[in-house]
Amino acid sequence: FGSRRFEAHSFPRAVVYKVTRLAMIGIKLGVLVLLCAQNSLYTLLRRYSRGVLREEVSTSAVLFAAEALKLVVSAVLVESPDALVNTQRKEVHRGPLADRLETWGRILKTSLPMAVPALTYLLMNTLSFKAMELVDATVFAMIAQLKTLTTAVFCWIVLGRRLSGAQWRAVVVLTLAVSIITFQRSAGTGRACSGASASAGSGVPLTWYLAGLGMVFLEITLSGWISAYFEKYLKNGQLSVWARNMQLAMWSGLIYGIILGVQLILALGEEPVAKVAPAAAPAEPRPLLARPIIGNFSIVTCMLVLLGGGGGLLVAFAIKYADALMKTMATAAALVAVVAAEVLFLGAPPDPVVCLAGAVAIVTLQIYGDAPKVADAGAQGAPPAEAKNATSEGGASMAKSPPSTYIDAEEEETGTLLDTENGTAVVARREY
């Protein structure tokens, strides 16, 4: 719609409700599809950078650059908090630099809750790296797929969101399908083995192996909890998505900046990707995508920065317009897209088991979307009773509304028209 306001006597409420509901569904699906594509491209580019081009750029530098990019984009697009509750309905214009700095200062002063996700992500990365030293890669990857289940559990504990029996079954089947894909891909490279043989073969004592398993389970537990925590603050209506992204990017950039600074001061670097024996012949010229363009950042590295920063924004929008569980399921679906891309573009041999498991995962996503929700039981997607009554009365109630009464269809932050949590319409009337 081109205008921010709709006259109540011009549009039946049922029509506005249906159009807005379709628009919200379209936004939600669009964000989830973009998130799935971003995860797939990001994974493929990382493998191409490390496995083919043998780039040795510091991971901390790439993550710091991605957070800095996300911070700049969010700071440019963030609106003033006063604009969200402007009761005078005046046109909001961008203020001068002083007003902009005041807005940023007010947002960053209330950013302490976003320090929790930033520190949690750091702890999760630390646990992952340490666990991979103690646990076989196949076991680690398979247990990591349980993030979908832990996210569903913490959405119930933290947010009070219950799933129907059909939705729980879809979540479990999706987790099993993705785990099968992970195991089969590892088996194809000759790295699949049992837990006992993995610990014995690597020389890791059983105690340390069990400690590694505990780290993996702790990491996926933190992942589910922090997803529900982030959704809670994104949907509390106090700040916009851009403001929350700005807060999170500030804390994450600060953490990665400190880590990068310590590495530079102490001359600590990452292990080389692979040690290649020196060849007698002169080295071949580097591919165009691997040539540095900004410092030691190549084109591929810059693309990783763009995808990493964009992925952080997409995660926030996916949680805002969908929920944390749908975000995690979209990330799991990205694994299916990665496998398909490896077969089509990277020459990986197709595996029938992986193909079947991928098909099961795709069908499961559709089943989850079609499954009845607990909050919508018996509603069957019908408009709310208020909209039905307004339609059945043949506009009689509409005539009672003064011409200056408007329905705002865009203020999703305050939930003035559509409550996406329970699928009900809430009509706000404001008179000026």
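Kindly indicate whether K18 is at pLDDT 80 or above and basic (K, R). Yes; evaluated as a whole, the condition is true for this residue. Each residue in the stretch 342-372 was checked for being open to solvent by less than 80 Å² (accessible area, probe 1.4 Å), more than 24 Å from L32 (Cβ to Cβ) and touching a helix residue (DSSP H, G or I) at 6+ places or on another chain (Cβ under 7 Å), and 3 pass.
The set of residues from the stretch 162-172 being surrounded by 17 or more Cβ atoms within 10 Å (Cβ to Cβ) and of a type in the set (A, V, I, L, M) comprises L163, A170, V171.
Taken together, the residues in the stretch 122-146 that are among the aromatic types (F, W, Y) and surrounded by 15 or more Cβ atoms within 10 Å (Cβ to Cβ) amount to 1. Per the listing L149, L159, L119, the residue uniquely on the phi < 0 side of the Ramachandran plot, in contact with a Gly (Cβ under 8 Å, 6 or more places away or on another chain), open to solvent by 40 Å² or more (accessible area, probe 1.4 Å) and hydrophobic (A, V, I, L, M, F, W, C) is L149.
Quick one: is V92 at pLDDT below 90, over 30 Å from L356 (Cβ atoms) and of a type outside the set (G, A, S)? Talk me through it step by step, then tell me what you get.
Working: at pLDDT below 90: yes; over 30 Å from L356 (Cβ atoms): yes; of a type outside the set (G, A, S): yes.
In short, yes.
Among the residues of the stretch 24-54, those identified as at pLDDT 80 or above and of a type in the set (G, A, S) are G26, G30, A37, S40, S49.
Results for (1) out of contact with any Leu (no Cβ under 7 Å at 6 or more places or on another chain); (2) among the charged types (D, E, K, R); (3) in contact (Cβ under 8 Å) with a residue 40 or more places away in the chain; (4) not in a helix (DSSP H, G or I), shown as yes or no for each residue.
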{"site": "M124", "(1), (2), (3), (4)": "no, no, yes, no"}
{"site": "S128", "(1), (2), (3), (4)": "yes, no, yes, no"}
{"site": "A131", "(1), (2), (3), (4)": "yes, no, yes, no"}
{"site": "V139", "(1), (2), (3), (4)": "yes, no, yes, no"}
{"site": "V153", "(1), (2), (3), (4)": "yes, no, yes, no"}
{"site": "V158", "(1), (2), (3), (4)": "yes, no, yes, no"}
{"site": "R161", "(1), (2), (3), (4)": "yes, yes, yes, yes"}
{"site": "T175", "(1), (2), (3), (4)": "no, no, yes, no"}
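Only a single item in (1) open to solvent by 70 Å² or more (accessible area, probe 1.4 Å); (2) β-branched (V, I, T); (3) farther than 30 Å from K109 by Cβ is not met by V216, and it is number (1).
The values are calculated or read from the model by the stated rules, or taken from the named source; none is laboratory data. As the structure is a computational prediction, the values presented were derived from the model and not from experiment. Positions of Cβ are backbone-derived with ideal geometry, glycine not excepted, and every protein chain shown enters the neighbour counts. Heads up: the accessible areas ignore ligands, DNA and RNA and are worked out on the full protein's heavy atoms, side chains in. Shrake-Rupley method; radii C 1.70, N 1.55, O 1.52, S 1.80 Å.
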